[in-house]
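Each value in this text was obtained by applying a stated rule to the coordinates, not by laboratory testing. Since this is a predicted model, take the numbers as computed values, not measurements. For neighbour counting, all protein chains shown are included, and Cβ atoms are generated from backbone atoms with ideal geometry for every residue, glycine included.
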Amino acid sequence: MAGNDLQGRRVLTVVTNYGVEQDELVVPVERLRDKGAHVDVAAVSEEPVQTLVGDKDPGRSVDPDTTIDAADTTSYDLLLVPGGALNADHLRMERTAVAAVRAFADSGRPVAAICHGPWALVEADVVRGKTLTSYPSLRTDIGNAGGQWADRAVVSDAGGWTLVTSRTPDDLDDFLREIGAALRA
């Protein structure tokens, strides 16, 4: 992602207000904004988002731009679903977050999820026939939902709609490269 090559592209990031893995939220948001994309962080409520490091230590607090309920999903080019086990587990129980995942997939717009983030995709029933990766503990969930799990730093499946997935914060460079490609497509 060189220069401002994502100028005019819009990304919606959905999270709960507690438990998102810090680097899986902060790093993509900052890097995508640096490349010219407009990125909104939509949380369950308007309260600050408390991130965690390693699912246990307090991380940075992030002010959301909007709530998931208030976000107009039709005005975005890509949906980003960060992980963090607590965040992802609660996010998949949020009706509007699951509906957002389904809306992006149904409309053919790309979705990017990292670590435990694919739990929301499983809940939305959109992984059937897709190849994706995640934190290893989701392998069975993805398989049971009809997806094919792969142990790779990043997987980009463009069949029908583009799904970009990665395993952990260690894979962020590869993840962001594929998100950039999906946004430029």
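Tabulated data for the structure shown
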{"item": "Hits in segment 72-87 - residues which are buried (at least 22 other Cβ atoms within 10 Å of the Cβ) and either in a loop (DSSP other than H, G, I, E, B) or out of contact with any Leu (no Cβ under 9 Å at 6 or more places or on another chain) (or both)", "result": "Tyr76, Pro82, Gly83, Gly84"}
{"item": "From the options Val53, Val44, Val14, Val49, residue that is under 23 Å from Val154 (Cα atoms), crowded, with 17+ Cβ neighbours inside 10 Å and either more than 13 Å from the chain's Cα centre (by Cα) or not hydroxyl-bearing (Ser, Thr, Tyr) (or both)", "result": "Val14"}
{"item": "Residue match in segment 114-129 (condition: among the charged types (D, E, K, R) and free of Cβ contacts under 8 Å to residues at least 24 places away in the same chain)", "result": "yes"}
{"item": "Among residues of segment 123-173, those that are surrounded by 15 or more Cβ atoms within 10 Å (Cβ to Cβ), among the hydrophobic types (A, V, I, L, M, F, W, C) and more than 20 Å from Leu91 (Cα to Cα), counted", "result": "7"}
{"item": "Failed criterion for Glu94 (all others in (1) under 17 Å from Gly160 (Cα atoms); (2) in contact (Cβ under 8 Å) with a residue 40 or more places away in the chain hold)", "result": "(1)"}
